[in-house]
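Following: one structure in structure tokens, then a few remarks.
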Amino acid sequence: MNPALMSVDGLKMHFPVRGGIFKRTVGQVYAVDGVSFTIAPGQTLGLVGESGCGKTTVGRCLTRLYRPTAGEIEFDGHDMCRVAAGELRAIRRDLQIIFQDPFESLDSRQTIGELLQEPFVIHRLGTPAERRDQVAELLRRVGLQARMIHRFPHEFSGGQRQRIGIARAIALAPKLIICDEPVSALDVSIQSQILNLLLELQAQLGLAYLFIAHNLAVVKHISDTIAVMYLGRIVELTTARRLYEQPRHPYSHALISAIPEPDPLADRERVILQGDVPSPLNPPSGCHFHPRCPYAKPRCREQVPELVPVPGTDGTEHLQACLRAGELDLQKN
Amino acid sequence: MASDALLTIENLTTAFDTEAGRIRAVEGISFTVPKSRTLGIVGESGCGKSVTALSIMRLLPRPAGTIEAGRILFNGRDLAGLPAEEMHHIRGKRIAMIFQEPMTALNPVQRLGTQLGEVFELHFPEMDPGAVETECINLLRKVGIPAPEARLKEYPHQISGGMRQRVMIAAALAGQPDLLIADEPTTALDVTIQAQILDLMRSLQQETGMAIIFITHDLGVIAEMADEVLVMYAGQVAERAPIKTIYTQPRHPYTQGLLASIPRLATTPKSRLPTIEGIVPSLLEMPGGCRFQNRCPRVMEICRDSPPPMYRVGREHWASCFLHRGQPAAGEVRP
């Protein structure tokens, strides 16, 4: 096992809710509530879950766009929670982020050439001539033509803009890219183009990804390991294949079975969960999933389940957080 | 087959006048929706699937949008030329519609009870207020909303996205429509909530016998919901087939490419996905001939010269592609 490139331990991010005329803190949103995982160099960890589960907040904590409430984040030997601002800038050469909507993250008044030169300018790398060559090379890498360099973001389609977002993220040869729903806004035929590009770049450049998305089929396709989140906590963490073939947490099982498969002949046992995802402002006690869980017992309401190894697996191969995991026989989908 | 047709669209063309000129968002499409059945319309953004729905509802943005040609036969009446007042009696009552984002379809400053009640007052003016309230409660219960009496007093922002979509479905059902047009009804919802809504729509269809036009970009959702599928590309129908046929024997290169490019739970992780190269051409710069020619892996000379007709490639299976030139074309055989 490689030493981890990024290791996260007990990460918590609570946002205060202010109310009343004095804007006093009246509550906390427990967006991320004790999350631990590692990402190995050159590997992809998928982070999957429904809206409000805290997956985006995890991504933002890792890049230190948020300062976490508690927990440890170690990236490439740096203690991310305690670094000084100057050091953070240097670290960000190795740690980049791609967003769902690249249009919002691209300055509409700058040409693509200017946008892509910016990382080199900020980090004072290369001469202007070298930068121009680098930009041309970046465009080629992400499948865009060098002649597009003078165009503005609005002249590109959604898929092309995401390519520009990716070009900017790989400009400084980072070690890890946080991809936050990078293909959710794209059409199916464009989505596969971008997924292929991300896989190619990973193979060529040895990048690691944290791939955040709500679509489990997409996450499974691109990830080596997957963490399933529910209301701020990881409920299951294992290899992509094991998660699909032998889910051990009732939530992962329901999530997999809820995905509509593009196959009208598929005869599947469908688990339809009752109710809505509760608010992270006031999460249920004990196991957060117990109000919707078809297997919940009274003790699930009281006891918070730990993320522990599934019996019969080694080390961190398959972790799950269900008090009843040993007793349940979740059928394969 | 034709006798139980509820809705028949013949050669519908819908155009928009823009600063850059007239564009045809939908061009020459034809299809039939039988009673109590579900037609799925699938396609990527800009393929014309929503414009088709708005044309049927006669809700095109005015003055820019117009139905340029074709007929929309609903129970034998042509909606395309119907006066606006007569359309009022059909829209919402005989044909209802639900949208992707229920928050924008609901009035944020009106209680749910008021909004639902309005639908009854509109369609059944003789109903007294007490009966309206009872009906609203019954409807909310029918769409699976817990404690419906209490919900009537609430505002849209107080309920979740899934619940809002249930309220929209309730409002759509109020007039007991023969046809429900659902335009991406679950796209904004989480996957576990989507499963609930799809399940609800299926059971309501069984109960009421209404027909559904289900519009989505998600081939997985279509596989679960539709009896027949229309695959649209750049404003035209690329392929039309019964549900199983479209997935097992797609005959149009676009359908084939689309199905191959979706990552599935069973595909090998980290493998290269087949793709459809390039992007959909803009409606302003549509190539002559087949609209898919620039992205098609099997493009031929003829594809650049003339637009392909619909060829009959199997039982109730039509594909608009010159690869099937040997087959009878629409016009020669009535579709």
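Placing unit charges on the Cβ atoms of the charged side chains and taking the dipole of the protein assembly as shown about its Cα centre, the candidate lying farthest along the positive direction among A:ASN215, A:PRO298, A:THR238 is A:THR238.
Ordering A:ARG132, B:ARG304 from the fewest to the most neighbouring beta carbons within 10 Å gives B:ARG304, A:ARG132. When only Cα pairs below 8 angstrom with a gap of at least 6 residues are kept, the stretch B:2-233 shows a relative contact order of 29 percent. Taking one quarter of the surface of the convex hull spanned by the alpha-carbon atoms of the stretch A:228-298 gives a direction-averaged projected area of 5.6 nm².
Only the Cβ atoms of Lys and Arg (+1) and of Asp and Glu (-1) were treated as charged; on that basis the dipole of the stretch B:2-233 about its Cα centre amounts to roughly 80 debye. Against the compact-protein benchmark of 2.2 N^0.38 Å, the Cα-based radius of gyration of the stretch B:53-205 scales to 1.08. Non-local lysine pairs in the protein assembly as shown, meaning eight or more places apart or on different chains, with alpha-carbon distances under 16 Å, amount to 5. Taking the square roots of five times each eigenvalue of the Cα gyration tensor of the stretch A:137-269, the equivalent ellipsoid has semi-axes of 32, 17, 12 Å, listed largest first. On a per residue basis, the convex hull of the C-alpha atoms belonging to chain B measures out at 155 Å³.
Taking the DSSP bridge list for the protein assembly as shown and keeping only pairs wholly inside it, about 60 percent are antiparallel. Here the average projected area of the convex hull drawn through the C-alpha atoms of the stretch A:1-65 stands at 5.6 nm². Seen from every direction in turn and averaged, the convex hull around the alpha carbons of the stretch B:235-298 projects onto 5.5 nm².
On the principal axes of its alpha-carbon atoms, the stretch B:1-122 has extents of 43, 42, 30 Å, going from largest to smallest. Helix A:112-122 and the longest principal axis of the C-alpha atoms of chain A enclose an angle of approximately 80°. Legend: Rg and Dmax of chain A, from Cα coordinates, 21.1, 68 Å. Relative contact order of chain A, taken over Cα pairs closer than 8 Å and 6 or more residues apart, is 20 percent. Taking the centroid of alpha carbons for each part, the stretch B:86-125 and the stretch A:1-79 are 42 Å apart. Sorting B:SER55, B:SER203 from the fewest to the most surrounding beta carbons within 10 angstrom yields B:SER203, B:SER55.
Note on chain B: antiparallel DSSP beta bridges, both residues inside, total approximately 60 percent of the bridges counted.
Here the stretch A:132-205 is treated as a sphere whose radius is the Kirkwood value from Cα pairs; by Stokes-Einstein at 37 °C and 0.692 mPa s it diffuses with a coefficient of 257 µm²/s.
Placing +1 on the Cβ of every Lys and Arg and -1 on the Cβ of every Asp and Glu, with no other charges, gives the stretch B:251-335 a dipole of roughly 360 debye about its Cα centre.
Counting only Cβ charges, +1 for Lys and Arg and -1 for Asp and Glu, the dipole size of the stretch A:110-166 around its Cα centre is about 140 debye.
Please label the shape of the stretch A:110-166 as rounded, prolate or oblate, based on the square roots a ≥ b ≥ c of the eigenvalues of the alpha-carbon gyration tensor (a/c under 1.5 means rounded; beyond that, a/b larger than b/c means prolate, else oblate). The shape class here is prolate. Counting every Cα pair in the stretch A:1-151, what percent are over 23 Å apart? Counting every Cα pair in the stretch A:1-151, those more than 23 Å apart make up 53 percent.
Between 0 and 90 degrees, rounded to the nearest ten: what's the tilt of helix A:128-141 against the longest Cα principal axis of chain A? That helix lies at roughly 50 degrees to the long axis.
Round to the nearest 10 and give me the degree value, 0 to 90, for the angle of helix A:158-170's Cα axis relative to the longest principal axis of chain A. Computed tilt is about 80 degrees. Per q in 0.09, 0.11 1/Å, what log10 I(q)/I(0) does a Debye calculation on the alpha-carbon atoms of the protein assembly as shown return? Calculated log10 I(q)/I(0) at the listed q: -0.87, -1.26. According to the Kirkwood relation over distinct C-alpha pairs, the hydrodynamic radius of the stretch B:251-335 is 14.5 Å. In terms of overall dimensions, the stretch A:78-211 has a Cα radius of gyration and Dmax of 14.6, 43 angstrom.
Laboratory data are not the source of any read-out in this text; all were calculated from the coordinates shown. These numbers were taken from a predicted model, which means no experiment stands behind them. Don't worry about glycine lacking a Cβ; one is built from the backbone with ideal geometry, like all the others, and counts go over all protein chains shown.
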